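Novice: Quick one: the structure is below, questions incoming.
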Amino acid sequence: MRKPPALRPGDLIGVVAPGAAVEEAAVRAGVRLLETAGYRVRVGPSVLKQAGYLAGSDADRLADLVAMFADPEVRAIMAARGGYGSGRLLPLFDPEIARQHPKIFVGYSDLTFLLTALVQRAELVAFHGPMVGGLDRNHPGAAALLGLLTGDRAAWNMAADTIIQPGMAEGVIVGGCLSILVAALGTPYALDTAGRLLFIEDVNEKPYRIDRMLTQLRQAGKLDAVAGVIFGEMAGCTSGPNEAVTVHDVAREAFASARYPVVFGLSAGHGRGATTLPLGIRARLAGERLVLLDTPVAE
């Protein structure tokens with residue numbers, strides 16, 4: 001795996017919007033936070049465009065992404081927000097541009113499409129972490145993100161809330177938003193999970209829908225050879241007033257016979273978003289503890 005160079009004070013961070021249309025005020029607030037932290041920021045020319053529910057046309061959004069990778073002055077690329085749209089860029093995005101210009105890329109939610117492509121096709125470590133449009137509302141998550149990207153090893157030790165299946169396993173971390181992972185099944189962009197520590201999270205999905213998506217992953221063979229499974233917070237994945245089943249119940253039933261460790265409640269992605277998870281890096285899952293075994297950025 002290629003590791004992007006660590007972020008340094010004064011480096012230039014590029015902001016892109018590969019998916020849904022963004023709120024200008026939220027992006028500006030996030031930019032101010034990054035600038036206050038000592039970085040220069042360049043917002044892509046298409047970020048504030050709007051084409052229906054998208055941040056500009058596919059060509060606009062792709063052009064920003066490619067330009068940020070190609071520009072040697074840009075040391076990190078951060079998504080403005082998630083929201084539908086980045087999957088439309090996969091057939092258009094040549095991973096060779098990321099191989100030739102390895103650099104930090106950060107996002108989550110719908111950006112799972114691009115994160116997976118960078119890890120699997122460009123063989124580049126990518127970062128499942130807070131996006132620019134939410135940084136100003138998530139100061140702890142922003143601090144943890146910038147710490148990890150600058151090489152701070154304090155962020156190498158993470159913990160989930162609950163152990164569903166005990167045990168210990170090592171593997172490369174992959175994954176992201178569950179609904180996006182399921183949407184990629186049956187396409188050339190489906191996630192390879194064999195021997196991996198699979199991270200899955202989502203937001204505002206009813207427990208029965210989580211059950212359905214986990215069932216689809218299982219029936220697609222994506223849970224057969226995993227090293228372990230790490231659930232995020234599953235923020236807002238709650239039952240209706242007359243429904244007794246919780247998302248915890250769904251997770252426990254789905255992995256009741258698992259012979260590998262399964263944990264629930266790592267704060268990455270939707271929810272508190274306190275943790276940035278490097279994808280493509282080897283880690284150890286032991287009990288509720290997740291520990292990186294290698295640096296995610298080149299010193």
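Novice: Among the strands (runs of 3 or more DSSP E) confined wholly to the range 160-274, which include 1 or more residues that are of a type in the set (S, T, N, Q), outside the structural domain of GLY134 (by TED's automatic domain parsing) and farther than 30 Å from HIS139 by Cβ?
Specialist: 162-165
Novice: Taking the options ASP161, ASP211, name whichever one is acidic (Asp, Glu) and surrounded by 18 or more Cβ atoms within 10 Å (Cβ to Cβ).
Specialist: ASP211 is the lone residue from the list that is acidic (Asp, Glu) and surrounded by 18 or more Cβ atoms within 10 Å (Cβ to Cβ).
Novice: Tell me which residues, restricted to the range 1-25, are touching a residue at least 12 places away in the same chain (Cβ under 8 Å), more than 21 Å from THR112 (Cα to Cα) and not in a strand (DSSP E or B).
Specialist: Across the range 1-25, the qualifying residues are ALA6, LEU7, ARG8, PRO9, GLY10, ASP11, GLU24.
Novice: Mind listing whichever residues of the range 26-40 are of a type in the set (D, E, K, R) and in contact (Cβ under 8 Å) with a residue 24 or more places away in the chain?
Specialist: Passing the criteria: ARG32, ARG40.
Novice: May I ask you to say which residue of ASP202, ASP152 is within 28 Å of ALA29 (Cα to Cα) and in contact with a Cys (Cβ under 7 Å, 6 or more places away or on another chain)?
Specialist: Working: ASP152 fails: in contact with a Cys (Cβ under 7 Å, 6 or more places away or on another chain).
Criteria check complete, one pass: ASP202.
Novice: Let me ask you something else. I need every pair where a residue in the range 131-159 that is free of Cβ contacts under 8 Å to residues at least 40 places away in the same chain has its Cβ under 7 Å from the Cβ of a residue that is surrounded by 19 or more Cβ atoms within 10 Å (Cβ to Cβ) and in a helix (DSSP H, G or I), sequence separation at least 6 or different chains.
Specialist: If the second residue must be surrounded by 19 or more Cβ atoms within 10 Å (Cβ to Cβ) and in a helix (DSSP H, G or I), the pairs left are GLY147/ALA155.
Novice: Select, from ALA6, ALA29, ALA70, the only residue that is touching a Gly at 6+ places or on another chain (Cβ under 7 Å) and either farther than 24 Å from ASP152 by Cα or of a type outside the set (Val, Ile, Thr) (or both).
Specialist: ALA6
Novice: Out of GLY85, GLY107, which single residue is closer than 20 Å to GLY280 by Cα, touching a strand residue (DSSP E or B) at 6+ places or on another chain (Cβ under 9 Å) and crowded, with 22+ Cβ neighbours inside 10 Å?
Specialist: Exactly one residue qualifies, and that residue is GLY107.
Novice: Looking for something of a type in the set (Lys, Arg) and modelled with pLDDT under 95 - is there at least one such residue anywhere in the range 246-258?
Specialist: no
Novice: If a residue must be basic (Lys, Arg) and either more than 20 Å from THR187 (Cα to Cα) or touching a His at 6+ places or on another chain (Cβ under 8 Å) (or both), how many such residues does the range 86-101 contain?
Specialist: Qualifying residue count for the region: 1.
Novice: Now a separate question. Looking at the range 162-171, is at least one residue touching an Asp or Glu at 6+ places or on another chain (Cβ under 6 Å) and more than 21 Å from VAL47 (Cβ to Cβ)?
Specialist: Among the residues of the range 162-171, at least one is touching an Asp or Glu at 6+ places or on another chain (Cβ under 6 Å) and more than 21 Å from VAL47 (Cβ to Cβ), which makes the answer yes.
The values are calculated or read from the model by the stated rules, or taken from the named source; none is laboratory data. This is a predicted model, so every value here is computed, not measured. Every residue, glycine as well, gets a Cβ built from its backbone with ideal geometry; the counts of neighbours run over all protein chains shown.
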